[in-house]
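First comes the structure, then the notes that go with it.
The values are calculated or read from the model by the stated rules, or taken from the named source; none is laboratory data. On a predicted model such as this, the values are computed, not experimentally measured, just so you know. Cβ placement follows ideal geometry from the backbone for every residue including glycine, while neighbour counts extend to all protein chains displayed.
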Amino acid sequence: MQLFINTPGTLITQKDGCFRLKAGDRAADRSPMKVESLVISNKAMISSQAIVLAMEHNIDVVFLDGYDDPVGRVWFSKMGSTALIRRKQLETADQSLGLELVIDMIRQKMDHQIRFLKKLMYARPGKETLFRKPLNTIENAMAGLEVRGQRLEDARERIRGLEGAAGRAYFQCLSKLMPDKYRFEKRSKRPAKDPFNAVLNYFYGILYSRVEKACILAGLDPYLGFMHTDNYNKKSLVFDMIELFRIYAEMAAVYMFTGRKVRDDYFDFAEAPLSQSRSKKSISASDTCASVMVEAVSLNQKGKPIVAESMNMLLDERIRYRKKNVRRRYVILHEAHRLANVLLAEDKVDRADWLDIQEF
């Protein structure tokens, strides 16, 4: 089990070969034989004896910051599960399994797009024509993912092309569902060119941190990916795995705008008049005209808490996951552990099933 210690003032020490947790007048012992990892917030403390006990039993020690995001870890210097997973990640990147994992993740992403558009279509009787062409485009792209047998490097560009075609059709369809003044031309990342993309980028940012945390807690190296190349200081695996969960951000963003829960004063607009002098101020999303070109849109301090709360509410909702009712935020962690199990599975042994994420 993973032992989370986040009670303020908790001290983890070693007593008679066990971890002793003390918080005020309360104390509890935990056998290292039943602990896979210790996850410690910055409100708790751990002794050097307890760290050595963890190392002797190959127990990961992960430290969290004030926002409960991982900032570091300690593990046994000899080969253990964490180091073995990292080695398997490196090996898999150049094997057929790496390509299969990439296809699995992109297929799951496209399946989410199709199912979400169909859900939105069924809620809008009489507007089916808005959805048919985008759905056909995504379904065709999904069918084109059958590139097994190729080297990952050779198949990478084809997969990116199919993913891009599906994404363009998907977001063009979503734009048509927005209130008129919040419709957008296309996806824009850094910077966002419109309020919808500003909100979506903020939601994606929340997901990135949660996916990275899940990878670390599962013993995966966030920097060793399969689809995204492992460039210096690039969290390649996080970029790979977030594809499975982008639907959470997209659902939250669409429901905020179609539910008219967004206001113009949640945003700052950086604009450039024809004179090319630049200014930054809050204006109406419909206030742009021929004399003003909006260069970037960002959430301001008034909008960020509202948007973040919307995402947290969605992540706290329970969905059906592997015959259980599980909060969405924990699905991310469960799937990271399942990926670790896939990597550790021996040859000729059935891999652990994963990607059973049935959102719709």
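Results, tabulated for the structure shown:
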{"quantity": "Strands (runs of 3 or more DSSP E) wholly inside the stretch 12-113 that include at least 1 residues being farther than 30 Å from Asp240 by Cα, outside the structural domain of Arg160 (by TED's automatic domain parsing) and in contact (Cβ under 8 Å) with a residue 24 or more places away in the chain", "calculated": "18-23, 26-30"}
{"quantity": "The stretch 152-168, residues that are more than 22 Å from the chain's Cα centre (by Cα) and small (Gly, Ala, Ser)", "calculated": "Ala155"}
{"quantity": "From Tyr204, Tyr182, Tyr223, Tyr248, residue being in the same structural domain as Arg132 (by TED's automatic domain parsing), modelled with pLDDT of 90 or more and either touching a Pro at 6+ places or on another chain (Cβ under 8 Å) or over 26 Å from Phe360 (Cα atoms) (or both)", "calculated": "Tyr182"}
{"quantity": "Filter result (surrounded by fewer than 22 Cβ atoms within 10 Å (Cβ to Cβ) and assigned to a helix (DSSP H, G or I)) within the stretch 174-196", "calculated": "Ser175, Lys176, Leu177, Asp180, Lys181, Tyr182"}
{"quantity": "Qualifying positions in the stretch 302-341 - farther than 20 Å from Gly205 by Cβ, in contact (Cβ under 8 Å) with a residue 24 or more places away in the chain and not aliphatic (A, V, I, L, M)", "calculated": "Arg320, Tyr321, Arg322, His337"}
{"quantity": "Counted residues, the stretch 312-324 - those being at pLDDT 90 or above and closer than 17 Å to Ser209 by Cα", "calculated": "4"}
{"quantity": "Qualifying residue in the stretch 280-297 (condition: at pLDDT 90 or above and not basic (Lys, Arg))", "calculated": "yes"}
{"quantity": "Test for Ser175: is it under 19 Å from Arg263 (Cα atoms), free of Cβ contacts under 8 Å to residues at least 60 places away in the same chain, in the same structural domain as Arg260 (by TED's automatic domain parsing) and among the small types (Gly, Ala, Ser)", "calculated": "yes"}
{"quantity": "Selection count, the stretch 120-150, where residues are part of a helix (DSSP H, G or I) and over 22 Å from the mean Cα position of the chain (by Cα)", "calculated": "16"}
{"quantity": "Criterion: among the charged types (D, E, K, R) and under 19 Å from the mean Cα position of the chain (by Cα) - qualifying residue of Lys181, Lys189, Lys193, Lys176", "calculated": "Lys189"}
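Per-residue answers, yes or no, for (1) crowded, with 16+ Cβ neighbours inside 10 Å; (2) over 21 Å from the mean Cα position of the chain (by Cα); (3) at pLDDT 85 or above; (4) within 28 Å of Val238 (Cα to Cα):
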| position | (1), (2), (3), (4) |
| --- | --- |
| Thr13 | yes, yes, yes, no |
| Gly24 | no, yes, yes, no |
| Ala27 | no, yes, yes, no |
| Met33 | no, yes, yes, no |
| Ala54 | yes, yes, yes, yes |
| Asn58 | yes, yes, no, yes |
| Asp69 | no, no, no, yes |
| Ala83 | yes, yes, no, yes |
| Glu91 | no, yes, yes, yes |
